[in-house]
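First comes the structure, then the notes that go with it.
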Amino acid sequence: MRILVIEDDLEAAAAMTRGLQEAGFETVHAADGALGLAAARDGEFDVLIVDRMMPKMNGVEVVETVRREGDNTPVLFLSALGEIEDRVTGLKAGGDDYLVKPYAFAELIARVEALSRRRETGAVATTLKVGDLEMNLINRSVHRQGKEIDLQPREFQLLEFMMRHAGQSVTRTMLLEKVWEYHFDPQTNVIDVHVSRLRSKIDKGFDRPMLQTVRGAGYRLDP
Amino acid sequence: MRLPRLFRTTPFQLTLLFLALFAGAAAPFLGYSYFATAGEVARRADADISREMGSLQAAYRLGGVNGLNQTLIERAAGERPFLYLLMKPDGTRISGSLETSPVEERTDNDSWASFSVTETDPDGAPVKRPARGLQRKLSGGELLFVGADVGESESFVASIVRALWGAAALVLVVGLAGGVLVSRNVSRSMQGLVDVVSAVRSGDLHARVKLRGTKDEYDEFAAGLNDMLDQLQRSMGGLRHAGDAIAHDLRTPLARLRARMEVALIDVEAGKGDPRRALETALDDADGVLRTFNAVLAIARLQSAGRAPDQQEFDPGELAADVSELYEPLCEDKGLEFKAEVTPGLPLRANREFIAQAVANLIDNACKYTPSGGAVMLRVRRRSSGEIEFSVTDTGPGVPDEDRARVVQRFVRLENSRSEPGAGLGLSLVSAVAEAHGGRLELSEGPGKVGEMGPGLRVALVLPSAPGA
C-alpha cells in the first residue's frame, strides 16, 4: 500500500511517515503543495495525505487540481483548522476524510486503512460476510452461524460499518462521525456503551468473540 | 478658491438645486397667472371695444353717416363713455370726442392703438390716463375710431404683476433661507457622527454619538452606529477575555503535564519506574489539554462570532430523538431511567451541530451527576411564548440557588463533582450556544426530593422559534 504524504512541516512529516511505515505502509513524502502535486501525477498511490496549509500551493488547491485531472485516489486532509466550515471546504474540494491536528497515530492509521480499503469494494454488495457473520442489506437481517440476531437500527448501522472495515481498527471518533454523523466531542465515551451492546448481541453464546477492543485505538471486527 | 464650509455641504447644494427646480416650475406658473389675470383684463377691454364698434357699425348700416352721428351723440352722454372719432375717408374729423385719431395710417384693415388721454382730476389738475382703441374703415369709406379709458384695468394689471414679482422674490428668499437652515441643521447632525467616527479611528472605542431624541434618520443612524460600536467593543472585549482565559485555563493542565514528565524523567534516571507508563500518562494528559483547548476555543469562537454560523431549519424533535438514542444506553448502564418527551414538528432555525452538542452536553451532565436508580428526562416543547425549549431534568443532587449562575461560567465545577471526569466546560458551552442563537440557558430546581433522591436539576435551553412559523 503506497501513501503520498504532502506536508510542509518536516518534523511532523517524519513522525507521520515513521508511524505509517510501522503500520506496514510504503510512504513518499513531498514537502510542499507543488512538489506534492507533481508526485501525485507521477506515481500510483493508494491514499494521499494532504496538509491544508502549505506554502506555494495549499492543500485544497492540490486536491482540486488532482480531482480535475480525473484522479480519484482517496484523499485524507490534515488540518489545524477544526471548524465545521473548514471541514466542509476540504470535503467539497474533493477530500474523502478530514483529520484535525494534533491527532493520535492510531486515528491516522485507522482512517488511512479505511480509505485504502474503500477503493477495493467497487460493486454494490447486497450482503456482507465476515467469518460466520452474515448481513443482508436488502431485508436488513443479520445471522451468525445461521442464527438470527435482532438489532436496533443504529446497531445495524454500527455493525454494517464494522463489517465493511473488518480486520481494521476503527476509532471511536470514526464511529461517531460515520455512524452517528456527529463531529463534536461527546465528553463521555458513549460509543463504548453502544459497542458493548452490539458485542453482547453478536458474540454472546458463540465460542469465539469477533468484536475486539484495540487498546489505545478503538475496535476491530475479526473474522 | 475654497467655498465657505456651509456652501460645500451636500444639503446646501441640494437646496440650491431644489431652488433652481422650484424657480423653473414657478416661472411657467407665474406666467400663466399673468396670462389668466392681467391678460384677461386686457382682452376683455379689447372685446368691449370690439362689441361697441360692432353696434356702431350696425347703426351706420341703418342710418348712414347721419344715423351714426346721432348714435354717437347719444352714446357720448352715457355712463362710462367710450371715446369716439368719426372721420371722412381722407381723415378729416366729422364728429366725436377725440380731436385726432391715435391711428395715423388709414388702412383698409382694423388697427389697434394704445394711447393716452388727458383728463382733469377732481382738483383740476390734468392727468394722463392710458387708453386703447380700434379704428375700422366703414363700408362708405369713412373711418371710425372707438377707444376706451383702460386706466383702471391697467393699474389692476400692474398690481397683479407686482404681486407676481413679489411671489417670485419670496420663493427665492424663503427657499434660500430654508436651504441655509436645513443645511446648518444637517451639518450639525452630521458633525456628531463625523466626530465619533474620527474618534473611533484614532482608537477611542468608547466614543458614542449623542442622540437628540428626534427619532429622525440621523438619530436612527446614530443609534445604529452606537449599536455597531457596542457590538465591536463587546467582540473585542470577548476576544481579549477569551485570550486571557485560554492562557489561564491551559497553563494549569500543561503545568501538570510538565511536572509529571519531569518526575518520570527523574524516576527513569534513578532506574525506578516504568518509562512506558510515564509516557502513557503524559499522552493522556496531553489529550486532556487538547480537549480543554478545543472546548475553550469553541466557546470563545461562539462568543466572539455573536451569531452561530450555518443556521438551517430542522425539526428539534428529530434531533432530540437522535441525541437521546446516542445517550440512552449510557444512562441505562448507569442504572438510570431515561425518558424523552418530544413534541414533533416544531420550527427551529439553528446550527444543527451546535444544538446537538448542547443537548448532548445537557444529557451527559445529567447522567454524570445523577446517582444510580434516578431518572433523566429530555423534553422538547414549545413554550406559550412561542420559544422552543429543550430541557433536561434529573433527580441528582441539584445545584444550590446561589451556585446556579456560577456553574454556567467556564471551568466551574462544584466541590462534589470533582471526582467525575470532564473539564467543567459543558454548561458554559451550552450557554454560549444558546447566546449564539439569541436564546438563553435556564437552571431551576428539579422534581424535588423523593426518598433517596436529591432535589434534582432542570436545565432548559430556550431558543427563539424559526421566523415566519
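The values are calculated or read from the model by the stated rules, or taken from the named source; none is laboratory data. What you see is a predicted model, and the numbers here were worked out from it, not measured in a lab. Note: ideal-geometry Cβ built from the backbone for every residue, glycine included; neighbour counts use all protein chains shown. To get the accessible areas, we keep the full protein, side chains included, count just its heavy atoms, and leave off ligands, DNA and RNA. Shrake-Rupley method; radii C 1.70, N 1.55, O 1.52, S 1.80 Å.
Taken over segment A:136-169, the criterion of being within 16 Å of A:Gly218 (Cβ to Cβ) and within 13 Å of another protein chain (Cβ to nearest Cβ) is satisfied by A:Leu158 alone.
If the condition is being within 24 Å of B:Arg43 (Cβ to Cβ) and without any contact (Cβ under 8 Å) to a residue 40 or more places away in the chain, then segment B:98-122 contributes B:Thr107, B:Asn109, B:Asp110, B:Ser111, B:Ala113, B:Ser114, B:Phe115, B:Ser116, B:Val117. For B:Met190, the conditions (1) open to solvent by 70 Å² or more (accessible area, probe 1.4 Å); (2) of a type outside the set (S, T, N, Q); (3) assigned by TED's automatic domain parsing to the domain that holds B:Thr37 all hold with the exception of (3). Among the residues of segment B:36-60, the one identified as surrounded by fewer than 12 Cβ atoms within 10 Å (Cβ to Cβ) and more than 20 Å from B:Ser111 (Cα to Cα) is B:Ala36.
Against the definition (of a type in the set (Lys, Arg), assigned to a helix (DSSP H, G or I) and surrounded by fewer than 19 Cβ atoms within 10 Å (Cβ to Cβ)), how does A:Arg111 come out, yes or no? No: the conditions fail for A:Arg111.
Within segment B:369-385, the set of residues being within 22 Å of B:Gly439 (Cβ to Cβ), open to solvent by 10 Å² or more (accessible area, probe 1.4 Å) and of a type in the set (A, V, I, L, M) comprises just one member, B:Met377. The residue pairs whose first member lies in segment A:78-104 and is more than 10 Å from chain B (Cβ to nearest Cβ) and on the phi > 0 side of the Ramachandran plot, whose second member is outside any loop (DSSP other than H, G, I, E, B) and surrounded by 21 or more Cβ atoms within 10 Å (Cβ to Cβ), and whose beta carbons are closer than 8 Å, counting only pairs six or more residues apart or on different chains, are A:Gly94/A:Val63; A:Gly94/A:Val66; A:Gly94/A:Val75.
Out of all the residues in segment A:146-165, is one or more open to solvent by 20 Å² or more (accessible area, probe 1.4 Å) and of a type in the set (S, T, N, Q)? Yes, segment A:146-165 has at least one match. Considering B:Val323, B:Val296, the condition of being under 20 Å from B:Val433 (Cβ atoms), assigned to a helix (DSSP H, G or I) and outside the structural domain of B:Arg458 (by TED's automatic domain parsing) is satisfied by B:Val296 alone. Beta carbons closer than 7 Å, at least 6 apart along the sequence or on distinct chains, never pair a first residue in segment B:274-293 that is over 10 Å from B:Met261 (Cα atoms) and facing chain A (nearest Cβ under 10 Å) with a second that is of a type in the set (Val, Ile, Thr) and open to solvent by less than 100 Å² (accessible area, probe 1.4 Å).
In the set (1) more than 23 Å from A:Ile202 (Cα to Cα); (2) among the acidic types (Asp, Glu); (3) open to solvent by 20 Å² or more (accessible area, probe 1.4 Å), the condition left unmet by A:Asp97 is number (3). Close Cβ contacts (under 7 Å, 6 or more residues apart or on different chains) running from residues in segment A:160-189 that are at positive phi and free of Cβ contacts under 8 Å to residues at least 12 places away in the same chain to residues that are open to solvent by 40 Å² or more (accessible area, probe 1.4 Å) and not β-branched (Val, Ile, Thr) comprise A:Gln187/B:Gly422. Flag set for A:Arg172, criterion: in contact with a strand residue (DSSP E or B) (Cβ under 8 Å, 6 or more places away or on another chain), closer than 26 Å to B:Glu280 by Cα, within 14 Å of chain B (Cβ to nearest Cβ) and open to solvent by 40 Å² or more (accessible area, probe 1.4 Å).
Given the criteria open to solvent by 30 Å² or more (accessible area, probe 1.4 Å) and without any contact (Cβ under 8 Å) to a residue 40 or more places away in the chain, does B:Ala321 qualify? First the steps, then the outcome.
On the way: open to solvent by 30 Å² or more (accessible area, probe 1.4 Å): yes; without any contact (Cβ under 8 Å) to a residue 40 or more places away in the chain: yes.
Spelling it out, B:Ala321 is indeed open to solvent by 30 Å² or more (accessible area, probe 1.4 Å) and without any contact (Cβ under 8 Å) to a residue 40 or more places away in the chain.
Take segment B:98-120 and flag every residue that is open to solvent by 50 Å² or more (accessible area, probe 1.4 Å) and under 16 Å from B:Glu152 (Cβ atoms). Hits for segment B:98-120 are B:Ser114, B:Ser116, B:Glu119.
Mind checking whether some residue in segment B:298-314 is free of Cβ contacts under 8 Å to residues at least 24 places away in the same chain, in contact with a Lys or Arg (Cβ under 9 Å, 6 or more places away or on another chain) and facing chain A (nearest Cβ under 8 Å)? No, that holds for no residue.
Tell me yes or no: at least one residue of segment B:230-250 is open to solvent by 60 Å² or more (accessible area, probe 1.4 Å), within 30 Å of B:Arg307 (Cβ to Cβ) and not in a helix (DSSP H, G or I).
no
Take segment B:198-229 and flag every residue that is aliphatic (A, V, I, L, M) and open to solvent by 70 Å² or more (accessible area, probe 1.4 Å). Working first, answer last.
So in segment B:198-229, the residues aliphatic (A, V, I, L, M) come out as B:199-200, B:205, B:207, B:209, B:211, B:222-223, B:225, B:228-229.
If the condition is that a residue be aliphatic (A, V, I, L, M) and open to solvent by 70 Å² or more (accessible area, probe 1.4 Å), then B:Leu211, B:Met228 are the ones that fit.
Scanning segment B:105-147 for residues that are out of contact with any Pro (no Cβ under 9 Å at 6 or more places or on another chain), of a type in the set (Gly, Ala, Ser) and at pLDDT 80 or above yields a total of 2.
Being within 13 Å of another protein chain (Cβ to nearest Cβ) and either β-branched (Val, Ile, Thr) or crowded, with 21+ Cβ neighbours inside 10 Å (or both) is a description that applies to B:Ala366.
Against the condition at pLDDT below 85, of a type outside the set (A, V, I, L, M, F, W, C), in a helix (DSSP H, G or I) and closer than 30 Å to B:Phe29 by Cα, how does B:Gly178 come out, does it pass? Lay out the reasoning, then the answer.
Working: at pLDDT below 85: yes; of a type outside the set (A, V, I, L, M, F, W, C): yes; in a helix (DSSP H, G or I): yes; closer than 30 Å to B:Phe29 by Cα: yes.
Criteria met by B:Gly178.
Looking across segment A:66-91, just one residue is under 19 Å from A:His29 (Cβ atoms) and over 20 Å from the mean Cα position of the chain (by Cα), and that is A:Val66. The residue that is nearest to the chain's Cα centre (by Cα), counting only those in segment B:324-350 that are open to solvent by 60 Å² or more (accessible area, probe 1.4 Å) and within 12 Å of chain A (Cβ to nearest Cβ), is B:Glu328. Of all residues in segment A:184-211 being more than 7 Å from chain B (Cβ to nearest Cβ) and assigned to a loop (DSSP other than H, G, I, E, B), which is most open to solvent (accessible area, probe 1.4 Å)? Of everything passing the filter in segment A:184-211, A:Lys204 is most open to solvent (accessible area, probe 1.4 Å).
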